[in-house]
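What follows is calculated from the coordinates using simple rules that are stated; it is not laboratory data. Just so it is clear, the model here is predicted, and its values are computed rather than measured. Here the Cβ is made from the backbone with ideal geometry for all residues, glycine too, and neighbour counts use every protein chain on show.
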Protein chains: 2
Amino acid sequence: MSRLWNFSAGPAALPTEVLEQMQSELPEWQEAGASVMEISHRSKAFTRVIEGAEADLRELLNLPRNYRVLFLQGGATLQFTQAPLNLLQGGSADYLVTGAWSQKAAKEAARLGNVRIVSAREPFIGLPAVRDLRLSSDAAYLHLCTNETIHGVELFEESITALATAVGNVPLVADMSSHLLSRPMALSRFGLLYAGAQKNIGPAGLTLVIIRDDLLGKASAQTPALLDYRMQAKNGSMLNTPPTFAIYAAGLVFQWLKRQGGLAAIAAQNKEKADHLYAAIAASDGFYRNPVLPEYRSRMNIPFTLPTLELEAEFVRASEAAGFIGLKGHKFVGGIRASLYNAVPLAAVQALVAFMRDFALARADSGAIETVG
Amino acid sequence: MSRLWNFSAGPAALPTEVLEQMQSELPEWQEAGASVMEISHRSKAFTRVIEGAEADLRELLNLPRNYRVLFLQGGATLQFTQAPLNLLQGGSADYLVTGAWSQKAAKEAARLGNVRIVSAREPFIGLPAVRDLRLSSDAAYLHLCTNETIHGVELFEESITALATAVGNVPLVADMSSHLLSRPMALSRFGLLYAGAQKNIGPAGLTLVIIRDDLLGKASAQTPALLDYRMQAKNGSMLNTPPTFAIYAAGLVFQWLKRQGGLAAIAAQNKEKADHLYAAIAASDGFYRNPVLPEYRSRMNIPFTLPTLELEAEFVRASEAAGFIGLKGHKFVGGIRASLYNAVPLAAVQALVAFMRDFALARADSGAIETVG
């Protein structure tokens, strides 16, 4: 068996070099006399791992000094609860809904306090003009999902600037699970951001949280110590045993990213990959369609449809037979989805585009495409 | 470098065979064309992993059919919050405090509702007579920690039977983090039990929860979906992306346990290991001391002290130099602690006992022991 082209939305492809390093560090890791997953999280050896990972991450993100980095558990979904527990303070928060994930975040926050939903209209294909959103200037925060993994809607710098300007001093809180580390971003616009690891960071089971200092210490009294950002910051993410292997793996990914030339270099590759796939969709004469408005098309998650459900099912089967992993769309929206995370090489996208062209041509020849009308 | 004798309290030693299997399944796992941590948690291949792990666990534990198994995140510490959110129902719960961990559990539960602390007296060295505990017969549940990892206090079948009898229909809720899977147990006495993985189950970042069917569906309205046992049971622990690599690793550990002959066989080994170490402590003429009452001495975590703090510091240094990992006691209680989890072989304990004898003899010869008086 060899490694196949992997377009999984998450858990997603990791760099082969990283996996090979993990392999070479089993069953013994460096000079530890044990694997990295068998030593105390408070040991000197593991302290070097977590501190090194944080330093590399800060360098990659060019993170200002007044932000804290936390390595937590529970996925972005636990952040849907943790963020309001820590930041609502009995007030009201605005939730910008641009797809399935920001919608889920709003639903969980509504259990805990006053939530005002500011929604893009369905189907989710982008953002209305910011002036039409009627954002509150006195909200505890504005929550948004800057890349909707299911709907393939990404907010780029211009949208973020417009939103930040519209809300003034209201902190932006963002779920960045599926595009953090995919390109340089001006993170100083955000009060809190979080990301499940299983896209561009590492294995599932680790959640990265980045929070501005002044937002620590505002948790409600019922907040469990484990879910209090201040307590976690004070304890170096070790209020209890953190997911040590996943943190080690994330550290290897950060080192790999630095070897690639950092986020500017990886962003150029990601843009080339996405452009190549969107161009193939555009060149298919409507056989493949992506519904998202051009300026909101995600470079990470590219959903597309085929003329019929039957053709989509056939595409999934044929792609698996041809050695592609993870192209079936999310059950919420159906269709096909290709996730082009950092570890997916251009060669994978080129192979996919060639496969898509052949698939469409064969169906056009056989007359299947005529069923669209 | 070779693998050293590892007595870490957690993250703890894993079976070398398991680590070698992980190594052989990187960077490609079986026929997947990717590693196990790069594929969808909803894929057929991963479904086989999680279902296989559950089936093996059920067989090992001889788990009755009316219990559900959940693979969650957040450690036992998140269960300190999740259990009361799901089970308090506006009522009151009894918390039996026998050491540091049950104390922490009580503290977290008290944020969420009415908690009655039923405490063993400090220092924590065992359980008072159950008739003296004044347990409530109308509590929502009785929470206990059946093996206190820091204090080395374990509750065996007789204590559990006495507690279960005393509370009648009140469900027992237990933190079993550091001894689940170390010996056969009558789990049908419990309504809910949970364990952080990083002792006898797998890498840190996975929490095993086992709950009786009739206790599902009682969560309070503010309970986040992610922390609602019923929702997790309904979604096969996949309300969001679970820690897939840790679940895979736990599955390998369960297979290894079956190859060892299951829990009866591993329990015999664990008893032999613990007996050997306790005998060495008893034979040291008071140089090493374990404070726990004999019938509550843990077979998993064995804390002991030396005559002076200086000797303890010297013991830690010398043991590390001699190639032992993880013998420094927890900061709460100081001293030394040897954790003898399933993956720690008898040979490791024999090596430790020989080291302890030599260390004590050398200090007695040099007169250091006379400082005790």
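Before moving on, here are some points about what is shown:
- Copies compared at B:ALA347 - label distances in nm, ascending, label defined 7 Å from Cα in the Cβ direction: 4.2
- For chain A: rounded, prolate or oblate by the Cα gyration tensor [a/c cutoff 1.5]: oblate
- Among residues other than B:SER339 with Cβ under 11 Å from its Cβ, the summed charge is +4 (Lys and Arg +1, Asp and Glu -1).
- Computed magnitude of the charge dipole of the protein assembly as shown (debye, nearest 20; Cβ of K, R +1, Cβ of D, E -1): 1260 debye
- Net charge contributed by nearby residues that have their C-beta within less than 15 Å of A:GLN222 (K/R +1, D/E -1): +3
- Rel. contact order, % - alpha carbon contacts under 8 angstrom, at least six apart, chain B: 23 percent
- Anisotropy class of the stretch B:86-140 from Cα gyration tensor, a/c 1.5 cut: oblate
- Given their separation in residues at 0.36 nm each and the Cα-Cα distance between them, A:ALA55 and A:GLU272 gain 75.3 nm when the chain is fully extended.
- Across the stretch B:49-80, the residues whose backbone nitrogen lies under 19 Å from the label position 7 Å along the beta-carbon direction of B:GLU31 are B:49-52.
- Other copies of A:THR308: label-to-label distances in nm, shortest first, labels 7 Å along the beta-carbon direction: 8.8
- Taking 0.692 mPa s as the viscosity and 37 °C as the temperature, the Stokes-Einstein diffusion coefficient of the stretch B:261-367 based on its alpha-carbon Kirkwood radius rounds to 231 µm²/s.
- Charge tally in the Cβ shell below 11 Å around B:ALA12, where Lys, Arg are +1 and Asp, Glu are -1, B:ALA12 excluded: 0
- Each copy carries a label point for B:ASN235 at 7 Å from Cα along the beta-carbon vector; from one copy to the others these points are 2.5 nm apart, nearest first.
- With kT/(6 pi eta Rh) evaluated at 10 °C and eta = 1.306 mPa s, and Rh the Kirkwood radius from Cα pairs, the protein assembly as shown diffuses with a coefficient of 58 µm²/s according to Stokes-Einstein.
- Entry note, the stretch B:261-367: relative contact order of 30 percent, from Cα contacts under 8 Å with a spacing of 6+ residues.
- Residue of B:ASP56, B:ASP175, B:ASP285 that the Gaussian network model of chain B assigns the largest fluctuation, springs spanning Cα pairs under 10 Å: B:ASP285
- For chain A, the mean residue ellipticity at 222 nm estimated from helices alone is -12000 deg cm²/dmol, where every DSSP H run of n ≥ 4 contributes -39500 (n - 2.57) and the total is divided by all residues, rounded to the nearest 500.
- Note on chain A: with a GNM built from Cα contacts shorter than 10 Å, the maximum mean-square fluctuation among A:GLY75, A:GLY126, A:GLY261 falls on A:GLY261.
- Those residues of the stretch A:332-368 whose amide nitrogen sits under 11 Å from the label point placed on A:THR308, 7 Å along Cα→Cβ: A:367-368
- The calculated FRET efficiency for the pair B:SER137 and A:ASN66, based on their C-beta separation and a Förster distance of 56 Å, comes to about 0.55.
- Label point distance in nm, B:ALA362-A:ARG121, each placed 7 Å from Cα along Cα→Cβ: 8.1 nm
- Listed peptides A:113-121, B:342-350, B:241-249, A:59-67 appear in the order B:241-249, B:342-350, A:113-121, A:59-67 once ranked by packing, highest mean of other Cβ atoms within 10 Å at the front.
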